[in-house]
1. Along its three principal axes, how long is the stretch 2-56 when you only count alpha carbons? Whole Å, largest extent first please.
2. For the pair residue 65 and residue 4, how long in nm is the line joining their label points, each one 7 Å along Cα→Cβ?
Amino acid sequence: MIWSSVAEFWAMGGYGVYVWGSMGVSAALLALEVLMTRMGHSQALDAVCEAMDADTQDVLDDQARVQASPGPARIHPLSPGASS
């Protein structure tokens, strides 16, 4: 199509409200899609980081528990409770 003026271009032969309205809604929905995707990505990344931090804390707790435990009881071979 060829328009003789900018006003005719915006009017789109009387359908400008529908054409530009649908373009505006499409652009808004695309922007919303990008925003929602970024928010979802950030939430997923936060969840993974929290899970990794929790796992790291569990490992550190296990290491501290092992270091704090007295270990197996040792019986001196010459003590009265030692078996021969």
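Readers should treat all values here as calculations from the given coordinates under stated rules, not as data from a laboratory. Because the structure is predicted, anything quoted here is derived from the model rather than measured. All Cβ positions, even for glycine, are placed from backbone atoms using ideal geometry, and neighbour counts span all protein chains on display.
1. 69, 15, 12
2. 8.7 nm
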